[in-house]
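Take a look at the structure below.
Values in this text are rule-based calculations from the coordinates and carry no lab data. Model, not experiment: these values are computed from the prediction. Cβ placement follows ideal geometry from the backbone for every residue including glycine, while neighbour counts extend to all protein chains displayed.
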Amino acid sequence: MKKTSIFIIFCFLPIFTITSKNLEQRPLSEFIELNSANDISLDKKDFSKNLIYESTRCSALYAWIASVSSELNNDKARKLEKKSTFNSKSLTGLALQTYLADAIKPITIKEANLKINNMLEDKIMKYQKDGQLLYNRNNKYISDYIKDDLEICNIMIEAYKETF
C-alpha cells in the first residue's frame, strides 16, 4: 500500500507542478479575449479602461525586461535595455494620457501619475516574480505567458509608434 501511494504521488506530482504554476498573472491574451471580445460594442469608458490596463501591463513588461537586461554586461543587452526603457516610457505616457482624458472628475497630473505608477509597480513586481520562477524552472526569463505577452506588447508598441 505504501509503495502504491508513493507511486501515485510521483505520477501526479508533475501534473500538479505544471498546472499550478504559481504565477502571479494570467496571460495578457486572456485579458484581451475576456474584455475585448467585441470591441465594437465597448463603450468609450470600457475601451479606455482596457487601453489603460493593456498599456500599463506592456509598459511594466518592458520596464522589467530593461531591468533584467541592465544586469547583463554586453552590447546586445544594453541595446535591449535602451529600447525596452523607451517602449515602457511611451506606453506609460499612453496610459497617463488615457487616464487623464477619461477621468470623470477633475484630476491633477500628479494624482494621475501616482495612480498609473502604482499600477505599473504592481505589474512590474508580478513580472519580476513570475520571471524568476520561470527562470528557475527552465533557465529562461522570457517563456510561458511572458513570451506571449511580449508578442502582444510588440504589436501594441508598433501601433503606438504609427499613431504618435
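Could you tell me the extents of segment 25-163's C-alpha atoms along the three principal axes, largest first, rounded to whole Å?
Principal-axis extents of segment 25-163 (Cα, largest first): 46, 32, 28 Å.
Just want the ordering: Thr108, Thr85, Thr98, from fewest to most Cβ atoms lying within 10 Å of their own Cβ.
Neighbour counts put them in this order, fewest first: Thr108, Thr85, Thr98.
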